[in-house]
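> This is the structure I want to talk about, given as C-alpha cells.
The values are calculated or read from the model by the stated rules, or taken from the named source; none is laboratory data. Just so you know, these numbers come straight off a predicted model, no measurement behind them. FYI the Cβ positions are ideal-geometry reconstructions off the backbone, even for glycines, and counts take in every protein chain you see. Surface areas here come from the heavy atoms of the whole protein model, side chains and all, with no ligands, DNA or RNA. Shrake-Rupley method; radii C 1.70, N 1.55, O 1.52, S 1.80 Å.
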Amino acid sequence: MAEEEEALIARSRGGDVNAFNLLVERYQRMVYSVVFRMLGHRQEAEDVTQEAFLSAFQGVARFRGGSFRAWLLRIAANACYDHLRFRRRRPTVSLDVLESESGNPLPGHIASPEEHVLRGELARLIEEGLGQLPEEQRLAVVLCDVQGFSYEEAAEATRSSLGTVKSRLSRGRARLRDFFKEHRELLPSLYRHRT
Amino acid sequence: MDVRCRQVRDRLSEYMDGRLKEGERRRVEEHLAACPECRWELEELRATVGLLRQLPPLTPRRSFTLSPAVVAPRVRLFPVLRMASLAAALLLLFLTGGEYLFTSPQRAAAPEMESTVPQAAPTPSRLGAPETGARLAPVPAPGESKDRGVAPSAPPASPVAGEESTRAVPALRWLELFLLVTLVFLGGAAFWRWRQESTPYIRK
Ligand SMILES: [Zn+2]
C-alpha cells in the first residue's frame, strides 16, 4: 500500500488529477474529521477541506517524502488557522451556531458500529469541550487522541517539535478534564464518582 | 498541592502514553504508589482520553475529489514575464551605463547645449531618483507612456550630422523612461502571477 501510494503521488506530481483523486478518496474522511473538529461548523469544514485538497494538488511537487497524511494535515491545519483568523476578523459565526456533526447524523447516513457507541449528547459535549481549547492545543488533542497519531507524526503535521506536541497535548488534556468535570452529570461513571 | 505532586501531574500525560524515560517513569510510579490524589488525577486523565478516542471518524456529505476542469494547467505566464523583466532590466542598465560612459565627458565640456535641450538635463546617475519624475513632468501619465513611449524615438531618424550626439540624448531618455515603465509593469505582473501561482497553506 505504501508503494502504491508513492506511485500515486508520483503520478500526481506529473499533473495526473485522477491519481490524486485516489489519494483524496483515501484521506478525505480523516482530513474532513480533523477540519470539522477544528472549526465546529459543517459547511465551513467542507469548504476548507476542499481548499486544502486543491492546495495539496497544486503543491504536491513540494512533498518531500515522509508521511503523506501528515503532510496533508499540515496543509489542512494551515487552512484551518487561516480560516479561524478570518472568522475572528469577521465574527459572523457565533459559538452557538456551532454544530455537532456526530450528534446529528444526516438522513441516509449509515452509522458505523463505533458511531453507535458515542452519539448524541455525549459526542456533542466532547466537541464542545474541544471547541473551548486554544487552537494549537485543540489540534494536538484532535490529532493524537481523536485520530490516534503518534507524537512524531503530530509534530510533522504541525511543524513543531516533539516537546511542543507533548506540552500542548498535556495542557489540552488537562483543560478538557476540567471541562468534563464541570459537566460530570452528562458523562460516564468515572466522572461521577466524586462530587 | 505540594511541589512533588505538581511535578508529577505535569508528567502524567506523557506517562500514560508511555513516553517517559526510564528514570522519570520510575519516579512517577513511586509517587503514584504513595499519593492517592495523583492516582485519581491519572484516572481522570485516562477517562478524558478514553472519551476522545471514542469520537468516531466523520463521514462528509460529499466527496472532495478534484474535477479536472478546476485543476487544468494554466498558461505559465510567470517565467515569460520574468525573462521579459530581465531583458528590459539589462537593456536599461546597458543604456544608462553606455550613456554615462560615452556622453558625460562631452556634456561636461558643453554645458550650454543642455540649456537648449531641457530633457537632456538629468545626469545618468540620477535616473530613477525621485526627482526624475519631476524633470520628465511633461511626459504622459505612466499608463499611457507605455504605448506612446516609443514615439519620441522618431527624432534621430532625420538628424543633422553634427547634432546627432545631442539629439540622441533625449531619445535615449525616452527609451529609458519607456524601459523603466515597462520594467515596473513587467515586474508587477510577474509578482502578481507569482502570488497567484504559489499555493496557499503550503509553507516552509
Ligand atoms: Zn501527588
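> Taking the stated definitions as given, is residue B:61 open to solvent by 80 Å² or more (accessible area, probe 1.4 Å) and either modelled with pLDDT of 90 or more or in the same structural domain as residue B:9 (by TED's automatic domain parsing) (or both)?
yes
> Evaluate segment B:47-56: report whether one residue or more is touching a residue at least 12 places away in the same chain (Cβ under 8 Å), part of a helix (DSSP H, G or I) and more than 30 Å from residue B:190 (Cα to Cα).
Yes, because at least one residue in segment B:47-56 is touching a residue at least 12 places away in the same chain (Cβ under 8 Å), part of a helix (DSSP H, G or I) and more than 30 Å from residue B:190 (Cα to Cα).
> To continue, here is another question. Among what's in segment B:25-37 and is within 14 Å of chain A (Cβ to nearest Cβ) and surrounded by fewer than 15 Cβ atoms within 10 Å (Cβ to Cβ), pick the residue that is nearest to the ligand (Cβ to nearest atom).
That would be B:37.
> Turning to a different aspect of this structure: When segment A:51-66 is examined, which residues are found to be at the interface with chain B (Cβ under 7 Å from one of its Cβ atoms) and open to solvent by 10 Å² or more (accessible area, probe 1.4 Å)?
A:54, A:57, A:58, A:62
> Give the residues of segment A:67-99 that are modelled with pLDDT of 65 or more, of a type in the set (D, E, K, R) and surrounded by fewer than 15 Cβ atoms within 10 Å (Cβ to Cβ), sorted by residue number.
Hits for segment A:67-99 are A:82, A:85, A:87, A:88, A:89, A:90.
> Exactly one of (1) more than 16 Å from the ligand (Cβ to nearest atom); (2) more than 10 Å from chain A (Cβ to nearest Cβ); (3) at pLDDT below 95; (4) in a loop (DSSP other than H, G, I, E, B) is unmet by residue B:1. Its number?
So the condition that residue B:1 fails would be (1).
> So residue A:66 fits all but one of (1) under 18 Å from residue A:136 (Cα atoms); (2) touching a residue at least 60 places away in the same chain (Cβ under 8 Å); what number is the exception?
Here residue A:66 meets the rest and fails (1).
> Can you tell me which condition residue B:22 does not meet? The list is (1) within 16 Å of the ligand (Cβ to nearest atom); (2) at pLDDT 85 or above; (3) of a type outside the set (Lys, Arg); (4) open to solvent by 30 Å² or more (accessible area, probe 1.4 Å), and all the others hold.
(1)
> Sticking with this one: Within segment A:39-50, can one find any residue that is hydroxyl-bearing (Ser, Thr, Tyr) and open to solvent by 10 Å² or more (accessible area, probe 1.4 Å)?
Looking through segment A:39-50, none of the residues is hydroxyl-bearing (Ser, Thr, Tyr) and open to solvent by 10 Å² or more (accessible area, probe 1.4 Å).
> Which pairs have Cβ atoms under 6 Å, sit 6 or more apart or on different chains, and link a residue in segment B:1-30 that is among the aromatic types (Phe, Trp, Tyr) to one that is within 15 Å of the ligand (Cβ to nearest atom)?
B:15/B:28
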